[in-house]
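Written out below as structure tokens is the structure these notes cover.
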Amino acid sequence: MQFKLPLFPEQASSVAIQVDAFYLFLVLITTFFSLLIALLILFFIIRYRQRPDREAEQIHGSTLLEIVWTVIPLGISMVIFIWGAVLYYHIENPPANALEIYGVGKQWMWKFQHPGGQREINTLHVPTGRPVKVTLISQDVIHDFFVPAFRVKNDVLPNRYVYSWFTPTVPGSYHLFCSQYCGTKHSAMIGEVVVLKPDDYAAWLANGKAEGSLASMGEKLFQEFGCVTCHRPDSGARGPNLQGLYGRPVRLSDNRVVVADDNYIRESILNPNAKIVSGFQPIMPTFQGVVSEEGLIQITEYIKHLSSQESDPLNNRTTPTELRDNEVPTIQQELQQGNQPAPTPGKKP
Amino acid sequence: MSTVTTTVKPVMPAKHYLNDNYGIRSWLLTKDHKRIAILYLVSLTFFFFLGGIFAALIRLELLTPQGDLFQSDTYNKLFTMHGVNMVFFFLVPSVPATLGNFVLPLMVGAKDLAFPKINLLSWYIYMVGAFFSLATMVSGGVDTGWTFYTPLSSGYLRTHVALMAVGIIMAGFSSIFTGLNFIVTVHRMRAPGLTWGRLPLFVWSNYATSLIMILATPVLAITLILLALETVFHIGVFDPKYGGDPVLFQHMFWFYSHPAVYIMILPGMGVISELITCFSRKRVFGYSFVAFSSIAIAVFGFLVWAHHMFVAGISQYSAMVFSLLSMAVAIPSAVKVFNWTATMYKGSISLKTPMLYALGFIGLFTIGGLTGIMLAALGMDVHVHDTYFVIAHFHYVMVGGMVTAYLGGLHFWWPKITGRMYPEAPAKLAALITFIGFNLTFFPQFILGYLGMPRRYHSYPEEFQVLNVLSSAGASVLAVGFLLPLIYFLWSLKYGEVAGDNPWGATGLEWQIASPPPTHNFHEVPVVTEEPYAYGEGVAGVH
């Protein structure tokens, strides 16, 4: 046993120092009040110890004091609340320009895919200096993506994507823990996050074996599973056109409007009848158990890719169900007002 | 108020509830709240030490970074059984079912609880639950963690989840019965003159606890029934494979289990109010603030459950609401701590064993509460959630708080329960050992948690070893602190000094009758004419 007694985890992300500052503030508050109470008690048991020559002085209380020790802790706790909430909002919302990586948790390993198609198991390579967004899903039970050196943590759910993000600052290798108990080998579900300088990262990507980008692998699956026979960009198509779909509002047959995000696409593949696009028949078979989580990610990447290729997808509209240009603003308004059960803003999809 | 004279050596009363009747039947069919309290005391002590053995094995495994003492599955069963036994079969019933059962009717001047048969039934139901729990353990155990998160528990583990769930539901029903009994007793059976404003704070806190018991426990039953159905029939409530939502389980589980934390701590707070006043010879500082803070905790306690789920995939805005409400629930706890401390001001303080436990409680609970605020602070929780920081916080409240209060109360009312004194010197030593052992066990875990060591880890990276060894060393000290009382309490049953009616010179109706009390408690209905804790009005000091 080597004698190592660290008190702080390494700081390797932009947010780590902010969390540590908040932690130190909280430790200070905790220490102050604990000491205050402890010293008062010590003082009282010495000063007012039982002696034959004096009796206890009966005091009923003091409303003023009660107000003081209600209001002061309340004030301090509000400062703590606001500081914590602001920090949380920052930790939970990935910036738009982040590098996107996908992770799948399963009993008991982590699998990662980079946009270029590089794959890793229990290791995640990321560059310093730019935000990295990891889109996570579990193949079985709830896991948790926890990198202490980055001070980020997210439960990884089996039924929808969650996002974790960080901006690595210091090259090195850091622990990746599963911190949600997930069965027999929970404590063996650990990996490492390797932070590289941007040049080294580029070199690592170039060396990585990849069959092709995620989108191209997705396209292959799209052909293989025959998706392309129905989801075509022509008027006779039996399924909605997917060109330009990603990130746009979609009107459903029950007149709800939802945004076509990762979770929507995933659900539509696995459980196609959950949300039927207005004007279409519920004829699509489920692909539950047919496509792996990795495959789903690849297909989603492909659909995203379709969007970025088409700068103005609405002009390509070929089916009556798609939204007309003048409809889009109204729908966006509806979304903002939140008068439909579709994704609430701020909700982690 | 009775005045105790020191010159006359007290003698045991000729007839009391313990020698009123003999034989196993007289115990198993008793409707006397005092005897039922003892039935509970014996059962709970068994589960406390059983849970303690599991804890000891856990700490033994964690001495080394490798998982070398047990298989992973065995380790997972150990921490599950430790949690289940301690939470559902010890902590939840601990003070209410033993000290509450014994003292609460005495404190309100009643002959018994409102429904003596239901009181006995609650013990039997608890025992049925305990039987299921033991059956689960004997038949291979369960390895879900005491939180039973889905879909792991419902679809992936092949252990006896449903059997364990039945056991916990049973234990839950027994606490519903206890709660119901307390509420009706406090409303309907108070002695003449015993207004709400004159109730001892122990009664207030048990009343608040009872409200939570009857309102929250049914939700636990519903949740576990759904879990059992999901496990056996795949009804698709929690498991996404069948169209369910795993996060829904967490909402339902914590809707009970967070208020349950207050079920576990509120009665302890009540004990502390009794001890601080008695051993400071003082009225409690700010009686109504202490009393109403119990009710405030019970009410706010229902509104904070999702603070266990900040990283579980809930809406960010709801996380903020729950964080804010969690801050609110901290205030009444802080009010209590300040009032207890202020009660000692200008008192006449004697450091008898119960007082040592009470002071330990205040210190440890303060740390437990303040670290709870750290966990309720959103940005902080993200990093320390599901790490040893949570374990440390939870044990500071549950062991540093509740178990300490329980032991303090047990020492305080031991002379009333048995008619004999425990030996003071070894008891003080045990209190000291417990305090030191406790801090040595759990303080390193705060640091471990901030370093990032996740909870429920069978093996761990080696940089965490020093702190884990410290923690395990502390646990062995703590074990001595817990074993000592078991020994000298048993010893005192035969050899302890005869206590007399009121060895502490305490106020309260329970001290006005003989120790041990007669079967029907009061020979004539007591009349209350003054506020509680009327120390300094002819009440003799502690001697």
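Test of understanding: ordering B:384, A:228, B:397 by Cβ neighbours within 10 Å, fewest first, what list do you get?
Numbers: B:384 25, A:228 13, B:397 22.
Listing B:384, A:228, B:397 from fewest to most nearby Cβ atoms yields A:228, B:397, B:384.
Sort B:131, B:389 by Cβ crowding within 10 Å, fewest neighbours at the top. Intermediate results must be reported in sequence, preceding the final value.
Details: B:131 13, B:389 26.
Final ranking by Cβ density, sparse to dense: B:131, B:389.
Just need the relative contact order of chain A here, percent rounded to a whole number, with Cα pairs under 8 Å and 6+ apart.
Values: 552 pairs, mean separation 50.2, N = 349.
About 14 percent, as a whole number.
Expressed as a fraction of 2.2 N^0.38 Å, the rule-of-thumb size for a compact globular protein of N residues, what is the C-alpha radius of gyration of chain A? Let's see the in-between values first.
Values: Rg = 27.1 Å, N = 349, 2.2 N^0.38 = 20.4 Å.
The value comes to 1.33.
Using R₀ = 56 Å, calculate the FRET efficiency as 1/(1 + (r/R₀)^6) where r is the Cβ-Cβ separation of residue B:473 and residue B:495; round to 0.05. Walk me through the intermediate numbers first.
Details: r = 33 Å, r/R0 = 0.59.
Computed FRET efficiency for residue B:473 and residue B:495 comes out at 0.95.
With the cut-off at 1.5 for a/c, could you classify region B:388-448 from its C-alpha gyration tensor as rounded, prolate or oblate?
Values: a/c = 6.49, a/b = 2.22, b/c = 2.92.
Oblate, because a/c is 1.5 or more while a/b does not exceed b/c.
Would you calculate, for chain B, the mean residue ellipticity at 222 nm contributed by helices, counting each DSSP H stretch of 4 or more residues as -39,500 (n - 2.57) and dividing by all residues, to the nearest 500? Don't jump to the answer; show the numbers that get you there.
Numbers: 16 runs with 333 residues, N = 543.
After summing the helix terms and dividing by the residues of chain B, the value is -21000 deg cm²/dmol.
Give me the base-10 log of I(q)/I(0) for region A:55-117 at each q in 0.12 Å⁻¹, Debye formula, one uniform scatterer per Cα, rounded to two decimals.
-0.64
Once you mark the GluC sites (Glu not before Pro) that are in a DSSP loop and have at most 12 other Cβ atoms within 10 Å, what is the longest gap between them in chain B? Walk me through the intermediate numbers first.
Values: sites that count: B:524, B:530, B:537.
Counting only loop sites that pass the neighbour cut-off, the longest clear stretch is B:1-523.
Past 19 Å, Cα to Cα, is the threshold; run B:346/B:428; B:111/B:416; A:133/A:197; A:4/A:197; A:185/B:77 against it and keep the listed order. Spell out each step's value before the answer.
Details: B:346/B:428 24 Å; B:111/B:416 16 Å; A:133/A:197 17 Å; A:4/A:197 28 Å; A:185/B:77 13 Å.
Violating the 19 Å limit, Cα to Cα: B:346/B:428; A:4/A:197.
Obtain the nm distance between the two label points defined at residue B:124 and residue B:235 by a simple spin-label model: each point lies 7 Å from its Cα along the Cα-to-C-beta direction.
Result for the modelled spin labels: 2.8 nm.
Quick one: check the C-alpha center-to-center distance for region A:67-118 versus region B:72-88, whole angstrom.
When both Cα centres are located, 30 Å separates them.
Distances longer than 43 Å among the Cα atoms of region B:24-511: what percent of all pairs is that?
Value for region B:24-511: 11 percent of Cα pairs lie more than 43 Å apart.
Which of the aspartates and glutamates could a cross-linker bridge to residue B:117, judged by Cα under 13 Å and excluding same-chain residues fewer than eight apart?
Candidates past the 8-residue exclusion: B:32.
Hey, could you grab the Kirkwood Rh for region A:147-274? Inverse mean 1/r over distinct alpha carbon pairs, Å, one decimal.
Details: mean 1/r = 0.0534 Å⁻¹.
Answer for region A:147-274: a Kirkwood hydrodynamic radius of 18.7 Å.
Please compute P(r) over all alpha-carbon pairs of the protein assembly as shown, binned at 10 Å starting from zero, and give each bin as a whole-number percent.
It works out to 2, 12, 20, 22, 17, 12, 7, 4, 2, 0, 0, in whole percents.
What residue among A:41, A:137, A:91 shows peak mean-square fluctuation when chain A is described by a Gaussian network model with Cα springs under 10 Å?
Among A:41, A:137, A:91, the largest GNM mean-square fluctuation belongs to A:41.
Principal axis lengths of region B:197-347 from Cα atoms, whole Å, largest first?
64, 30, 21
Counting other Cβ atoms within 10 Å, keep those with at most 11, restrict to DSSP loop, and tell me which trypsin sites (Lys or Arg not before Pro) in region B:74-173 are left. Walk me through the intermediate numbers first.
Values: sites: B:77, B:111, B:117, B:158; in loops: B:111, B:158.
Counting only loop positions with at most 11 other Cβ atoms within 10 Å, the trypsin sites (Lys or Arg not before Pro) in region B:74-173 are B:158.
Exposure proxy check: B:529, B:45, A:286, B:418 ranked by fewest other beta carbons within 10 Å? All intermediate terms of the calculation are to be shown ahead of the outcome.
Values: B:529 10, B:45 16, A:286 13, B:418 20.
Arranged by neighbour count, lowest to highest, B:529, B:45, A:286, B:418 become B:529, A:286, B:45, B:418.
Relative contact order for chain B: what is it in percent, counting Cα pairs under 8 Å that are at least 6 residues apart? All intermediate terms of the calculation are to be shown ahead of the outcome.
Numbers: 935 pairs, mean separation 110.1, N = 543.
So the answer I get is 20 percent.
Report, in deg cm²/dmol and to the nearest 500, the calculated mean residue ellipticity at 222 nm for chain A, where each DSSP H run with n ≥ 4 adds -39500 (n - 2.57) and the sum is divided by the residue count.
Numbers: 8 runs with 124 residues, N = 349.
Calculated at 222 nm, the ellipticity per residue is -11500 deg cm²/dmol.
Over the Cα atoms of region A:99-207, how large are the radius of gyration and the largest Cα-Cα distance (Dmax), in Å?
Values for region A:99-207 (Cα only, Rg and Dmax): 13.0, 39 Å.
Using the basic label-point model (7 angstrom from Cα toward the beta carbon), what is the residue A:238 to residue B:134 distance in nanometres?
In this crude spin-label approximation the distance works out to 6.4 nm.
Computed from the coordinates by the stated procedures, all read-outs in this text should not be read as laboratory data. Given the structure is predicted, the values throughout are model-derived calculations rather than measurements. Please note: Cβ atoms are built from the backbone with ideal geometry, for glycine as well, and neighbour counts cover all protein chains shown.
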